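Asker: First the structure, then my questions, so here it is.
Where a number appears in this text, it was derived from the coordinates with a stated rule and is not lab data. For clarity, every value in this text was computed on a predicted model and none was experimentally measured. Cβ coordinates were reconstructed from backbone atoms using ideal geometry, including for glycine residues, and neighbour counts include every protein chain displayed.
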Amino acid sequence: MTRMRRLTAGLALALLAAGCSATGRPVDLASIASAQRPEPVGVVVNPPATTGAAAQVPECDPAASLRPAGLPGPGAMPAGSTMRTIQDRGRLIAGVDQNTFLFGFRDPTSNTIAGFDIDRVREIAAAIFGDPNKVQFKVITSAERIPALQKGEVDIVVRTMTATCARWVDINFSAIYYVAGQRVLVDKSSQITGVDQLGGQRVCATKGSTSLNKLRESPAPPVAVAVDNWSDCLLMLQQGQVAAVSTDDTILAGMIAQDPNVKMVGARFTQEPYGIGIPKANVDMVRFVNAVLEKSINSGSWATSYGTWLTEAVGQVAPPTLKYRD
Ligand code: GLU
């Protein structure tokens, strides 16, 4: 080989090693189309229904709870009561969310969990201890709410939880402290205008939510994409991995407050009355929590809390009228 030819061959090798072709154009080592955006952990497409057959659920008024029987003063919970056990322990254990903006979310500036649901927890702690901070928060997913109460891992669940007759079989609920409704969230550029247009499309909801069940029952059933947290749904919508998110308008309003590129469409197609979940055996705690809710509504603290978190995003509403079955 002449000296010149050796030089040319050497240059071509160097260009190849640098990822360039001999013509000077870059070589695509991986096709862009193969670079998939990662999905959140735990995504399941069209999971089987976990709730029992509707026929086994007794008819009930899910909004009717147990009437309060007085409100003992802070630090003076009656001997032998569930509240006394909590008082003696020194902290209320509450199952909450940290991924739902406005209801239960981690405030990055204070690194504390805050929101409308969290205010309800603090009122109950204040009623037991005279101190709203005597709380241990346990962050749980939608699907973990009922098991956490059944296993006694938490005293209460305050987590955008709809009171339903099926859930009343397994746990107790307080009176209703807010009524939400299921709607649809899409990208601002989407042509979808409501739930009836979601047939065959990928739609996100959390496992163990009423939202997921309602999508399954839809006359135009979508491909249900089930995740652990509502924030996973927003991420999947932003990444174009689902066509829509469908759940309570309250939760969707929190997503809109975080992302100007999404919009809510269609009317409410369910009623989601929120109750505080309490273990089935702790009837005294249900009456106590309802006394705290009554006090919160009558004193104006419910309205102050609503104003802080929800008036701007959701609109003005009056406090609910508490309802009892006995
Ligand atoms: N309110 C609905 C439910 O209790 C959806 C909200 C949620 O899962 O956090 O299932």
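Asker: Among the numbered criteria (1) crowded, with 17+ Cβ neighbours inside 10 Å; (2) farther than 29 Å from CYS233 by Cβ; (3) not hydrophobic (A, V, I, L, M, F, W, C), which one does GLY115 miss?
Answerer: That leaves (2) as the condition not met.
Asker: Still on this model: Look at ALA257 and say whether it is touching a Gly at 6+ places or on another chain (Cβ under 6 Å) and more than 16 Å from the ligand (Cβ to nearest atom). Working first, answer last.
Answerer: Working: touching a Gly at 6+ places or on another chain (Cβ under 6 Å): no; more than 16 Å from the ligand (Cβ to nearest atom): yes.
Taking the combined requirement at face value, the residue does not satisfy it.
Asker: Confirm whether ASP107 is surrounded by fewer than 16 Cβ atoms within 10 Å (Cβ to Cβ), without any contact (Cβ under 8 Å) to a residue 40 or more places away in the chain and under 19 Å from MET285 (Cα atoms). Quick ask: steps written out before the conclusion?
Answerer: On the way: surrounded by fewer than 16 Cβ atoms within 10 Å (Cβ to Cβ): yes; without any contact (Cβ under 8 Å) to a residue 40 or more places away in the chain: yes; under 19 Å from MET285 (Cα atoms): no.
Criteria not met by ASP107.
Asker: Might you let me know whether the stretch 231-245 holds any residue that is near the ligand (Cβ under 10 Å from one of its atoms) and within 17 Å of MET264 (Cβ to Cβ)? Break it down into steps so the answer makes sense when it comes.
Answerer: If we filter the stretch 231-245 for residues that are near the ligand (Cβ under 10 Å from one of its atoms), which is where we start, we get none.
Checked against the condition, which is being near the ligand (Cβ under 10 Å from one of its atoms) and within 17 Å of MET264 (Cβ to Cβ), the stretch 231-245 yields no hits at all.
Asker: Inside the stretch 119-139, can you point out the residues that are crowded, with 24+ Cβ neighbours inside 10 Å and under 25 Å from LEU252 (Cα atoms)?
Answerer: ARG120, VAL121
Asker: For the stretch 150-167, give me each residue that is surrounded by 20 or more Cβ atoms within 10 Å (Cβ to Cβ) and either away from the ligand (no atom under 13 Å from the Cβ) or within 16 Å of the chain's Cα centre (by Cα) (or both).
Answerer: Answer for the stretch 150-167, where residues must be surrounded by 20 or more Cβ atoms within 10 Å (Cβ to Cβ) and either away from the ligand (no atom under 13 Å from the Cβ) or within 16 Å of the chain's Cα centre (by Cα) (or both): VAL154, ASP155, ILE156, VAL157, VAL158, ARG159, THR160, MET161, THR162, ALA163.
Asker: Take the residues in the stretch 175-213 that are of a type in the set (S, T, N, Q) and within 14 Å of the ligand (Cβ to nearest atom), then tell me which one is farthest from VAL292 (Cα to Cα). Steps first, please.
Answerer: Step one: filter the stretch 175-213 for residues of a type in the set (S, T, N, Q), giving 182, 189-191, 193, 197, 201, 206, 209-211, 213.
Pick out the ones that are also within 14 Å of the ligand (Cβ to nearest atom) and you get 182, 206, 209-211, 213.
Values: GLN182: 27, THR206: 30, SER209: 26, THR210: 26, SER211: 29, ASN213: 31 Å.
Across the stretch 175-213, the extreme among qualifying residues is ASN213.
Asker: Give the stretch 195-239 a look and list any residue that's in contact (Cβ under 8 Å) with a residue 40 or more places away in the chain and part of a loop (DSSP other than H, G, I, E, B), or say none.
Answerer: LEU198, GLN201, LYS207, GLY208, SER209, ASP228, ASN229, GLN239
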